[in-house]
Amino acid sequence: GYGQITVALFFDANCSGITPDPGNEGYTMLTDLQNLGHTVNTFSGSTGAEWAAGLAGAELIVIPETESCSITCYLDADALDEFHDYVDGGGGLIMSGNAGNLTIGVLSSLFGTTLSSGSNTSPITYNAAGASGTLFDGPPATLQPLSGTNAYSSLPAGVDAFYESATGDAVVGTTAYN
């Protein structure tokens, strides 16, 4: 297995719900990651120095639903460079979807992808072929669609979908980036 990892969680009240309430995505992700045994280092801020410090030593960055800001507008140019360079250097990224397809815009502008919004219809089912040999190999057969869950169609080549909506659109997946 993959074991526990060190996670950098973007935990900024200007962008996400972080107060102790199960309806707040940032708080929910924090507690879920901790309950899975991962080391979670939270960070906030919009400057390159804050992002460099927040990402230091992390194997994965998690960005919860940013319902109160657009990352590409909130972060300064140096922070966007830190974010891009972290992923470009092999760091993992989990980014929750949000209203207005801001996630698609962030991924497209920072990494040059072309994504389209898909249909997030239940059930969200496990795709064993896409998940084989990954951290997602063998988890629950279905997921519940949370309020910040989006599905994506028109995925770039090389994307492996681990979970798919009833219409076959990717809900959780991975791709090599470089």
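The values are calculated or read from the model by the stated rules, or taken from the named source; none is laboratory data. What you see is a predicted model, and the numbers here were worked out from it, not measured in a lab. Cβ placement follows ideal geometry from the backbone for every residue including glycine, while neighbour counts extend to all protein chains displayed. These accessible areas exclude ligands, DNA and RNA; they are computed on the full protein's heavy atoms, side chains included. Shrake-Rupley method; radii C 1.70, N 1.55, O 1.52, S 1.80 Å.
Say we look at the stretch 67-124 and pick out the residues that are part of a helix (DSSP H, G or I) and hydroxyl-bearing (S, T, Y); which of these is modelled with the lowest pLDDT? Don't jump to the end; show me each part of the working.
So in the stretch 67-124, the residues part of a helix (DSSP H, G or I) come out as 71-74, 77-88, 99-111.
Filter once more, so that each one left must be hydroxyl-bearing (S, T, Y): 72, 74, 86, 103, 108-109.
Numbers: T72: 82, Y74: 90, Y86: 93, T103: 72, S108: 75, S109: 77.
The selected residue is T103.
Any idea how many residues of the stretch 35-46 are part of a helix (DSSP H, G or I) and buried (at least 18 other Cβ atoms within 10 Å of the Cβ)? Don't jump to the end; show me each part of the working.
Start the filter on the stretch 35-46 by keeping residues that are part of a helix (DSSP H, G or I), which leaves 35.
Add one more test, that the residue is buried (at least 18 other Cβ atoms within 10 Å of the Cβ), and what stays is none.
So the count comes out to 0.
Checking the conditions here, which among E59, E65, E82 is acidic (D, E) and touching a Leu at 6+ places or on another chain (Cβ under 7 Å)? Can you show your working first?
Working: E59 fails: touching a Leu at 6+ places or on another chain (Cβ under 7 Å); E65 fails: touching a Leu at 6+ places or on another chain (Cβ under 7 Å).
Unique residue meeting the criteria: E82.
If a residue has to be closer than 14 Å to L80 by Cα and β-branched (V, I, T) to count, how many in the stretch 106-130 make the cut?
Of all residues in the stretch 106-130, those closer than 14 Å to L80 by Cα come to 106-112.
From what's left, β-branched (V, I, T): 106.
Number satisfying all stated conditions: 1.
Here is a list: D32, D21. Which entry is open to solvent by 30 Å² or more (accessible area, probe 1.4 Å) and not in a loop (DSSP other than H, G, I, E, B)? Before you say what the answer is, go through the steps one by one.
Details: D21 fails: not in a loop (DSSP other than H, G, I, E, B).
Only one candidate passes the filter, namely D32.
Scan the stretch 1-18 for residues that are surrounded by 18 or more Cβ atoms within 10 Å (Cβ to Cβ) and part of a strand (DSSP E or B) and report the count.
Selection size over the stretch 1-18: 4.
Just a yes or no: is a residue in the stretch 47-59 in a loop (DSSP other than H, G, I, E, B), at pLDDT below 90 and open to solvent by 20 Å² or more (accessible area, probe 1.4 Å)? Please lay out each step first, then the result.
Of the residues in the stretch 47-59, the ones in a loop (DSSP other than H, G, I, E, B) are 47, 56-59.
Narrowing the set further to residues that are at pLDDT below 90 leaves none.
Checked the stretch 47-59: no residue is in a loop (DSSP other than H, G, I, E, B), at pLDDT below 90 and open to solvent by 20 Å² or more (accessible area, probe 1.4 Å).
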